[in-house]
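Here the structure comes first, spelled out in structure tokens, and everything after it is commentary.
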Amino acid sequence: MKKLVLMLAMSLVLISIAAKPVKNVIFLIGDGMGLNQVYAATLVKGAPLYMMQDTKTGLVLTYSYDNGITDSAAGGTALAAGVKTRNSMIGMGPDSVNLESILHLAARNGKSTGVMSTSALTHATPASYVANQVSRGMQDEIALDFVEQGPDVFIGGGRKYFEAREDGQNLTEQLKTKGYDVVYDLEKAKASGSRKLAALLADDHLADVISGREYLLPEALSIAIDHLSRNKKGFFLMVEGSKIDMRCHSHDIMGCVAETLEFDETVKVALDFARKNKNTLVIVTADHETGGLSILQNTPYRKGEELKVRYTTNGHTGVPVPVYSYGPGADNFTGVLENTYFKATLARLMKLKQ
Ligand SMILES: [Zn+2]
């Protein structure tokens, strides 16, 4: 009898732990980061990446509504809003109807929200979490969506879409009237006490790490977490390592590895936070693979040499991409998943009201 009571008590404790809602989600997207981009970075680093350690692993199918090979707009929209759409569409279904992203659903439930990228913030992936436009090319309109329905915190490039616009509007003035602190470097972002923060760090995309840009994304993530975690209801934050894709389009393997290693240091910041704040779920994945990268390196990598690889295309490919997860609910992200799987699953784990 005593044993039975004990077992009952134990299972109740386990159920209560399991059922604990996920309070914070940090969703990290390596744009164009297929399995081979991850492995290439481990060969150059000479050690497993942080995203590969202590995490659950799965695979994600990336095809879009109208193409076996997705672009970042349809890929981002599927990850953000849970619907397969046409390539180039942002936050809209194939029927051109606006979709609500997990970011907006989290905001409607009182959580704080943020997006960060090493590209212009108006570029396809961050835009997929914030904007609703029929084409990814409409970056002026997407910037307006950041003013009208933007997250609490956004850090990245794309200043010209806010301040050097054809229509002459100055959107940073509009952001200020909405309570945003608008800054142009990380020092100021760090010092800002404002609940709403817009950090526009470059006119368009940030420079490449391979051409001398210092790591910026890891510190930017710490700053964003610092701002967003003030909300007792928790937060949803999307972080993109955007330039893995751009370096692979150019078949620049060492440039790709440099961006992937910066992205992985950012994953480390997220995992360290989640280890201390146990109601935080970290997801690391990609929207698609870029370049059809193949690893031909058959000897131990020596510093300074060019990694031996081959690319099969200048575009994207249709291969599944990896997903790594850590924290409460991570078990839900193993096996083979559709890229539309994340929104509903995160909403369930965070107990968001639709
Ligand atoms: Zn691309």
For the range 92-124, which positions are without any contact (Cβ under 8 Å) to a residue 60 or more places away in the chain, of a type in the set (Val, Ile, Thr) and open to solvent by less than 40 Å² (accessible area, probe 1.4 Å)? 122
Within the range 260-273, does at least one residue satisfy the condition of being within 16 Å of the ligand (Cβ to nearest atom) and closer than 21 Å to residue 209 by Cβ? yes
Within the range 207-241, count every residue that is part of a loop (DSSP other than H, G, I, E, B) and more than 16 Å from the ligand (Cβ to nearest atom). 12
Every listed condition ((1) crowded, with 17+ Cβ neighbours inside 10 Å; (2) under 22 Å from residue 232 (Cα atoms)) holds for residue 179 save (1)
Considering only the range 211-257, how many residues are of a type in the set (Val, Ile, Thr) and under 15 Å from the mean Cα position of the chain (by Cα)? 3
Is it the case that residue 159 is touching a residue at least 12 places away in the same chain (Cβ under 8 Å) and buried (at least 24 other Cβ atoms within 10 Å of the Cβ)? no
Exception for residue 244 within (1) within 22 Å of residue 54 (Cα to Cα); (2) within 14 Å of the ligand (Cβ to nearest atom); (3) part of a helix (DSSP H, G or I) falls at (1)
Would the range 36-52 turn up any residue that is within 16 Å of the ligand (Cβ to nearest atom) and either farther than 17 Å from residue 127 by Cα or under 16 Å from the mean Cα position of the chain (by Cα) (or both)? yes
Residues satisfying the stated conditions in the range 288-340, i.e. part of a loop (DSSP other than H, G, I, E, B), surrounded by 12 or more Cβ atoms within 10 Å (Cβ to Cβ) and either away from the ligand (no atom under 16 Å from the Cβ) or among the basic types (Lys, Arg) (or both): 297, 301, 307, 308, 320, 327, 328, 329, 334, 340
Is it the case that the range 63-85 has a residue that's more than 15 Å from the ligand (Cβ to nearest atom) and assigned to a strand (DSSP E or B)? no
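The values are calculated or read from the model by the stated rules, or taken from the named source; none is laboratory data. Quick caveat: nothing in here was measured; it's all calculated off a predicted structure. Virtual Cβ from ideal backbone geometry, glycine too; neighbours counted across all protein chains shown. Heads up: the accessible areas ignore ligands, DNA and RNA and are worked out on the full protein's heavy atoms, side chains in. Shrake-Rupley method; radii C 1.70, N 1.55, O 1.52, S 1.80 Å.
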